[in-house]
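These notes are about the structure you will find just below.
Laboratory data are not the source of any read-out in this text; all were calculated from the coordinates shown. Because the structure is predicted, anything quoted here is derived from the model rather than measured. For neighbour counting, all protein chains shown are included, and Cβ atoms are generated from backbone atoms with ideal geometry for every residue, glycine included.
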Amino acid sequence: MSTVNPRRWWALAVLAAAQFMVIMDTSIIGVALPEMQKDLGFSQGELQWVFNAYVIAFGGLLLLGGRLSDLLGARKVFNAGWVVMIAGSVVAAAAQTAWVEVVGRAVQGVGGALIAPAAMTLLMMLFGHNPKELGKAMALYGAAAPAGGTAGVFLGGVFTEWLSWPWVFIIYVPIGLATLAATKLLPAVESRRGSVDVLGAVAVTAGLALTVFAVVRAPEVGWGSTGTVLQLAGAAALLILFFVIQKSVREPLMPLGIWRVPRLGSANLGMALLGAAWIPMWYFLNLYLQQVLGYGAFASGAALLPMTVLLMIFMTMITARLLGRFGAKPLIAGGLLVLAAGLLWLSAVEPTGTFLVDVLPASLVAALGMSLAYIPAMMAAMSGAPQEQAGLASGIVNTTYNVGSALGLAALTAVAMSQGAGELGNLPALTDGFSSAFVGAAVIAAVGGVITLLVMRSEKSAAAAAQAQAAPASHGEQVGV
């Protein structure tokens with residue numbers, strides 16, 4: 001019989017702080033992007049790699065991080081993740097060229113991919129014995145995510161305006177060291193025997209990176225050019241290889257049987273399109289505020305605070321109640337459609353616009369849509385999975401969101417550049433480019449809402465499907481392995 005850890009709530013504070021920092025790492029760089037562009041020589045089209053290098057490494061390696069956590073012990077992997085995160089932060093802060101900055105961001109993403117699944121495993125170990133305590137712990141851990149996003153927007157502006165942009169990375173060094181010192185509060189887990197699907201992890205991560213690279217380069221070299229065609233073909237081959245590997249190896253990163261879980265496929269599609277619409281909006285809104293309206297870094301961060309505060313309030317206080325009353329499907333579909341409406345509103349931005357007219361109301365509508373859809377999509381993806389596959393389902397949906405974010409940003413950057421977003425100093429051209437990206441993101445969100453309505457099962461039909469799936473499993477069939 002397992003004993004209750006008397007220091008479990010202090011340990012939860014360490015895990016929540018880790019979640020806070022991992023999420024903050026995706027938001028803190030937003031308002032610093034124009035300054036980084038000036039100092040490191042990024043072109044307008046290449047600037048997205050500061051974000052995409054992180055999310056490709058993070059999303060592509062999440063499943064590997066979860067597997068390593070199972071085999072090597074969650075605390076060891078959690079500690080290793082922070083060592084990698086600190087190293088990446090030092091590289092990113094010290095970068096003098098664009099490519100070194102991108103390398104540092106990718107290393108940070110690797111660290112995040114180790115930290116996030118290990119933290120979830122440790123949380124389940126600490127509180128899985130008591131469903132009531134587990135609910136409270138999950139709520140506190142979950143609240144750390146929007147809080148990290150909000151803090152990142154604010155601190156990014158503060159550091160960039162009054163110190164310098166490297167401080168958005170330097171901050172991770174002392175916090176990372178403090179977290180490592182506090183990990184003695186976390187339960188130790190012995191390693192166990194098993195294999196690691198390294199080839200599968202390399203194939204999926206390389207395939208995603210090559211896809212994004214091809215999309216980013218296509219506007220410059222041509223969509224029909226030999227280079228673009230070969231890159232996309234290579235990316236497709238790598239992703240197909242990943243699925244072949246998952247089918248053939250004994251202990252795959254992603255057992256393909258998991259996709260028989262009711263609503264997992266439709267929820268993941270919704271999450272991919274949600275990320276593909278939301279992240280480009282956040283990225284281009286930062287650029288519009290600074291490159292068109294002329295806001296400084298702090299003012300730009302402050303301008304995004306109402307949106308992020310609304311996200312935090314809804315995600316932590318309101319969405320869960322709505323989910324219990326209406327179910328996941330209407331919230332995901334409705335949230336995506338509300339997000340599409342906010343993005344379409346944002347597309348009306350003007351070169352001589354103002355924050356109160358052109359940005360604030362539309363951004364609040366978009367944030368409302370995001371806050372309605374995100375948690376229900378996560379829950380829909382995980383709710384039908386057996387307990388032993390809940391961690392895998394969580395890893396898949398987080399991976400999907402990050403992959404969608406990277407591909408959406410790459411595609412909409414190509415759209416924006418084709419419409420004038422690369423002409424720095426030409427305010428009408430910049431605005432036209434950013435507006436076209438908002439329109440593209442609105443289309444993505446609207447398509448996601450419609451697909452969710454058409455494809456996703458309701459809670460009752462999903463529960464019936466789960467029972468039908470469980471029946472043969474009880475007679476010896478392994479589902480999802």
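Key figures for this structure:
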read-out: Folded to 0 to 90 degrees: helix 8-27 orientation relative to the chain principal axis, Cα; value: 30
read-out: Proxy reagent accessibility, fewest Cβ within 10 Å first, across 413, 205; value: 205, 413
read-out: Cα→Cβ-extended label distance, 7 Å offset, between residue 220 and residue 309, nm; value: 4.0
read-out: Overall form of the chain per C-alpha gyration tensor (a/c, 1.5; a/b vs b/c); value: rounded
read-out: Cα gyration tensor shape for the stretch 9-185, rounded if a/c is under 1.5, else prolate or oblate; value: prolate
read-out: Angle in degrees between helix 328-346 and the longest Cα principal axis of the chain, rounded to the nearest 10; value: 10
read-out: Computed over the chain: relative contact order in percent, which uses C-alpha pairs under 8 Å that are six or more apart; value: 21
read-out: For the stretch 215-321: rounded, prolate or oblate by the Cα gyration tensor [a/c cutoff 1.5]; value: oblate
read-out: Ordering of 419-427, 293-301 by burial proxy (mean other Cβ atoms within 10 Å per residue, highest first); value: 293-301, 419-427
read-out: Value of [θ]222 nm, deg cm²/dmol, for the chain, DSSP H segments ≥ 4, -39500 (n - 2.57) each, nearest 500; value: -26000 deg cm²/dmol
read-out: Least to most buried among 91, 50, 173 (fewest other Cβ within 10 Å first); value: 173, 91, 50
read-out: Relative contact order (percent, whole number), the stretch 9-185, Cα cutoff 8 Å, 6+ residue spacing; value: 38
read-out: Neighbourhood charge, 15 Å Cβ-Cβ cut-off, centred on residue 428 and excluding it, Lys, Arg +1 and Asp, Glu -1; value: -4
read-out: Which of 352, 308 has the fewest Cβ neighbours within 10 Å, and the rest in rising order; value: 352, 308
read-out: Degrees between helix 297-313 axis and first principal axis of the chain (Cα, 0 to 90, nearest 10); value: 40
read-out: Ranked by how many other beta carbons lie within 10 Å on average, peptides 150-158, 55-63, 181-189 from highest; value: 55-63, 150-158, 181-189
